[in-house]
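Student: Sharing a structure below in structure tokens format, with a few things to ask.
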């Protein structure tokens, strides 16, 4: 696998004085899970691999490293933990100092925005690449905003249609961000301000209400309320369709089926494995096969089902879930599953790490499956959130 071109600096070095707890803020727990752990689970479940740099208080480096490795799983090779500085700006600079040579895009994210969805990271990365500029997520301001003097007297009412509340992750081209930090001659409130002060443009993309920052005890209670009602049970549905290709071998459910017409596709056309992946990704809120394993990615050209399922399970576990079971329905005239059903269920169950049941039916001569032009597969998955 090629080294990552994206790095995410997760700033977790704040004291959390306004939160009023005995621990630095990133190590405070929300329903039994530390704020840092919650943030990193999302970071390590992104659509592409990224170097992840956690900037932590000097006395918490070992704890941050353990939390990071638990969240990263097999991606631990991309994890670095460094000591933060006296200010946020110094902490980010410490993260920039350990960027890998392959990195071209840098995101800076506050660990305190621990409920930020992975889709926001993906959107910021894409926007940085599209624009070649700095990118920040922002939420439209709903309240009327007034400017006051030191005595509290209202000076003017601001036009809220021109205002946004800025969040993280904030993304930048690496070279420009590093140069901007080197040139900074004062403290700024966020990385976009450092970037803009160096003369570089910054654009705004739509933010997400879940990306709020846990700063006060009220914010902590809000985060707890959003996760307390989570039953920990998730279900997902996946579906895939592939046309027959008589010139290709048939791979279905990760198994080779001799003397059967194959399936067309960028990989081996294994619609059954792909439907299983879609169901698992859907249940975990991680997108779908097209997002995660696009046809433009050469790693998956000709790849068999086990490659997709193994990577999907890594993502699901990284998002904090375990698989309860998967159920699969094959709709096709052939192949006939009866003789290999047990073998197929054992093999898939081993990959998924949970029971997998496989059933088959036909469409009674109706549609493309009835004509024998191809097959369709529907899968459902049940996940449990790890506690």
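Coordinate-derived values only; no laboratory data. Please read all numbers here as calculations on a predicted model, not as lab measurements. Neighbour counts are summed over all protein chains in view; Cβ atoms, including those assigned to glycine, are modelled from backbone coordinates with ideal geometry.
Student: GNM on the chain, C-alpha springs below 10 Å: top fluctuator among 147, 167, 90?
Tutor: 147
Student: Could you state the angle between the C-alpha long axis of helix 305-318 and the longest principal axis of the C-alpha atoms of the chain, as a value from 0 to 90 degrees rounded to the nearest 10?
Tutor: 30
Student: How high is the relative contact order of region 120-176, given as a whole-number percent (alpha carbon pairs under 8 Å, six or more residues apart)?
Tutor: 44
Student: As a test, work out the antiparallel percent of DSSP beta bridges whose residues both lie in region 6-228, rounded to the nearest 5.
Tutor: That works out to approximately 40 percent antiparallel.
Student: Put a dot 7 Å past each Cα toward the Cβ at residue 243 and residue 143; how far apart are the dots in nm?
Tutor: Spacing of the two 7 Å Cα→Cβ label points: 5.8 nm.
Student: Mind pulling the per residue volume of the convex hull built on the Cα atoms of region 6-228? Å³ is fine.
Tutor: Given the Cα convex hull of region 6-228, per-residue volume reads 140 Å³.
Student: Taking 8 Å as the Cα distance limit and 6 or more residues as the minimum spacing, I'd like the relative contact order of the chain as a percentage.
Tutor: Normalised by residue count, the contact order of the chain is 15 percent.
Student: Follow-up. Would you please classify the overall shape of region 321-365 from the alpha carbon gyration tensor, given that a ≥ b ≥ c denote the square roots of the eigenvalues, rounded means a/c under 1.5, and beyond that prolate means a/b larger than b/c while oblate covers the rest?
Tutor: Because a/c hits 1.5 or more and a/b fails to exceed b/c, region 321-365 counts as oblate.
Student: May I ask you to derive the FRET efficiency for residue 183 and residue 322 from their Cβ-Cβ distance with R0 = 56 Å, giving the value to the nearest 0.05?
Tutor: Efficiency for this residue pair is about 0.75.
Student: Going by a ≥ b ≥ c, the root eigenvalues of the Cα gyration tensor, does region 163-259 fall in the rounded group (a/c under 1.5), the prolate group (a/b larger than b/c) or the oblate group?
Tutor: oblate
Student: May I ask you to compute the full-extension gain from residue 17 to residue 368, defined as 0.36 nm times their residue separation minus their alpha-carbon distance, rounded to one decimal in nm?
Tutor: Difference between extended and current length: 120.0 nm.
Student: Give me the percent of DSSP beta bridges within the chain that run antiparallel, rounded to the nearest 5.
Tutor: 60
Student: For residue 155 and residue 213, FRET efficiency with R0 = 41 Å and r from the beta-carbon atoms, rounded to 0.05?
Tutor: For residue 213 and residue 155, the calculated efficiency is 0.90.
Student: Find how many whole Å separate the alpha carbon centroid of region 323-378 from the alpha carbon centroid of region 15-52.
Tutor: So the two Cα centres are separated by 40 Å.
Student: Further question on the same structure: Highest GNM mean-square fluctuation, the chain, Cα pairs closer than 10 Å: which of 163, 107, 79?
Tutor: Largest GNM mean-square fluctuation: 163.
Student: Determine the shape class of the chain: with a ≥ b ≥ c the square roots of the Cα gyration tensor eigenvalues, call it rounded for a/c under 1.5, and otherwise prolate if a/b is greater than b/c, oblate otherwise.
Tutor: Prolate.
Student: Another one. Within region 308-323, name every residue whose backbone N is under 16 Å away from a label modeled 7 Å from Cα of residue 66 along the Cβ vector.
Tutor: none
Student: Ok, one more. Given a cut-off of under 8 Å on Cα pairs at least six residues apart, what relative contact order in percent is computed for region 233-385?
Tutor: The value is 33 percent.
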